[in-house]
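Enquirer: Here's a structure for you.
The values are calculated or read from the model by the stated rules, or taken from the named source; none is laboratory data. Everything quoted here is computed from the prediction, not taken from an experiment. Positions of Cβ are backbone-derived with ideal geometry, glycine not excepted, and every protein chain shown enters the neighbour counts. Accessible surface areas use protein heavy atoms only, side chains included; no ligands, DNA or RNA. Shrake-Rupley method; radii C 1.70, N 1.55, O 1.52, S 1.80 Å.
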Amino acid sequence: MTGRPTLNQRRRDATRLEIARTAAALFAERGAEAVTAEEIALASGISLRTFYRYFSVKEDAVAPLLAAGGRRWVQLFEESAAGLPVREALERSAAESLTPADDAAIEAMHWTRDLLRDPRLDDVWQRVHADSEERLRGVIADRCPPGTDQLEIRLAAAAATTAIRVALEEWAFSDAPSAGPGSPQELGARCMRELTAGLRLWALVS
């Protein structure tokens with residue numbers, strides 16, 4: 001067993017992401033309150049019954065899209081060089097995840113901006129970041145030697161995740177571009193430095 005998702009799981013994930021993109025486009029255009037689950041299903045080419053097999057409420061439909069950046073960040077951190085200090089690995093992976101690499105990523109950033117401005121999606125956004133923090137905590141723990149204070153690991157994960165959340169929210173409510181001054185990457189680097197600077201964990205791990 002390699003741990004690779006099954007074909008059915010990959011198909012389900014692809015369908016969830018396609019529904020998420022459709023919902024994001026509709027929400028960005030008209031606002032979540034004005035869009036119905038029926039409209040999302042129709043635009044996605046699925047039945048309403050199928051929609052509810054994937055999402056319990058219409059707002060949750062954008063969760064996979066909002067979560068994609070956080071998953072990429074945690075994955076980049078997990079794959080970073082073992083000899084790289086944890087704090088530096090966190091900063092580098094965050095910067096890379098916040099830098100759009102292609103047109104699809106730029107489009108996703110624009111959708112993210114519109115979605116974060118919609119108060120109806122606040123609960124989804126908070127849940128996405130809670131999940132991201134939990135995943136990050138496990139990956140940080142794997143980089144630490146046995147016996148490392150679990151509270152310090154939790155504080156590091158919370159501070160790092162909050163840094164990304166604050167950076168994206170500040171950018172979303174500004175007119176700054178997706179790259180350059182005021183971008184998520186620039187704000188993310190600043191927030192990461194300031195929010196994680198005093199953590200004791202850095203003195204406990206290389």
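Enquirer: For region 1-75 and region 76-142, what is the centre-to-centre distance using only Cα atoms, to the nearest Å?
Expert: Rounded to whole Å, the Cα centres lie 18 Å apart.
Enquirer: Report ³J(HN,Hα) in whole Hz for each residue of region 111-120, in order, from the Karplus equation J = 6.51 cos²θ - 1.76 cosθ + 1.60 where θ = phi - 60°; Gly and Pro get x.
Expert: Running phi through 6.51 cos²θ - 1.76 cosθ + 1.60 with θ = phi - 60° gives 4, 4, 4, 5, 5, 5, 7, 9, x, 5 Hz.
Enquirer: Another question about this same structure. Give me the 1.4 Å probe accessible area per residue for region 80-201, excluding ligands and nucleic acids, in Å².
Expert: With all protein chains present, region 80-201 gives 51 Å² per residue.
Enquirer: If you take the square roots of the eigenvalues of the alpha-carbon gyration tensor of region 94-142 and sort them as a ≥ b ≥ c, do you get rounded (a/c under 1.5), prolate (a/b over b/c) or oblate? Mind dumping the intermediate values first?
Expert: On the way: a/c = 3.80, a/b = 1.22, b/c = 3.12.
Taking the square roots of the gyration eigenvalues as a ≥ b ≥ c, region 94-142 is oblate.
Enquirer: What is region 150-197 by shape, rounded, prolate or oblate, if you read a ≥ b ≥ c off the alpha carbon gyration tensor as root eigenvalues and call it rounded for a/c under 1.5, prolate for a/b larger than b/c, and oblate otherwise?
Expert: Details: a/c = 3.88, a/b = 2.54, b/c = 1.53.
Prolate.
Enquirer: Dividing the alpha-carbon Rg of region 100-179 by 2.2 N^0.38 Å yields what?
Expert: Values: Rg = 15.2 Å, N = 80, 2.2 N^0.38 = 11.6 Å.
Compared with the compact-globule rule of thumb, region 100-179 sits at 1.31.
Enquirer: Continuing with the same structure: Counting only protein heavy atoms, what percent of the accessible surface of region 48-109 is carbon or sulfur at a 1.4 Å probe? Show your work: numbers first, answer last.
Expert: On the way: 1620 of 3160 Å².
Carbon plus sulfur share of accessible area: 51 percent.
Enquirer: Using alpha carbons only, how many degrees (0 to 90, rounded to 10) separate the axis of helix 122-143 from the longest principal axis of the chain?
Expert: The helix 122-143 is inclined about 40 degrees to the chain.
Enquirer: For a protection proxy built on the mean count of beta-carbon atoms within 10 angstrom, sort 62-71, 76-85 highest first, please.
Expert: Values: 62-71: 20.9, 76-85: 13.9.
With the highest mean Cβ count within 10 Å placed first, the list reads 62-71, 76-85.
Enquirer: Please determine, in degrees from 0 to 90 and to the nearest 10, the orientation of helix 7-30 with respect to the longest principal axis defined by the Cα atoms of the chain, where the helix direction is its Cα long axis.
Expert: 70
Enquirer: Moving on. Using only Cα atoms, tell me the angle between helix 86-97 and the longest principal axis of the chain; keep it within 0 to 90° and round to the nearest 10.
Expert: Helix 86-97 sits roughly 30 degrees off the main axis of the chain.
Enquirer: So, one more: With all protein chains present, how much of the accessible area of region 128-206 (probe radius 1.4 Å) comes from carbon and sulfur, to the nearest whole percent?
Expert: Values: 2130 of 4040 Å².
Roughly 53 percent of what the probe reaches on region 128-206 is carbon or sulfur.
Enquirer: Still on this structure, please answer the following. Would you kindly derive the ³J(HN,Hα) couplings of region 172-188 from the backbone phi angles with the Karplus curve 6.51 cos²θ - 1.76 cosθ + 1.60 (θ = phi - 60°), listing them in order in whole Hz, with x for Gly and Pro?
Expert: In residue order, the calculated couplings are 4, 9, 10, 9, 5, x, 7, 9, x, x, x, 6, x, 4, 5, 5, x Hz.
Enquirer: Right, next: Determine, for each peptide in 176-185, 146-155, the mean count of other beta carbons within 10 angstrom over its residues, then list the peptides with the highest first.
Expert: On the way: 176-185: 16.6, 146-155: 13.4.
Peptide ranking by packing, descending: 176-185, 146-155.
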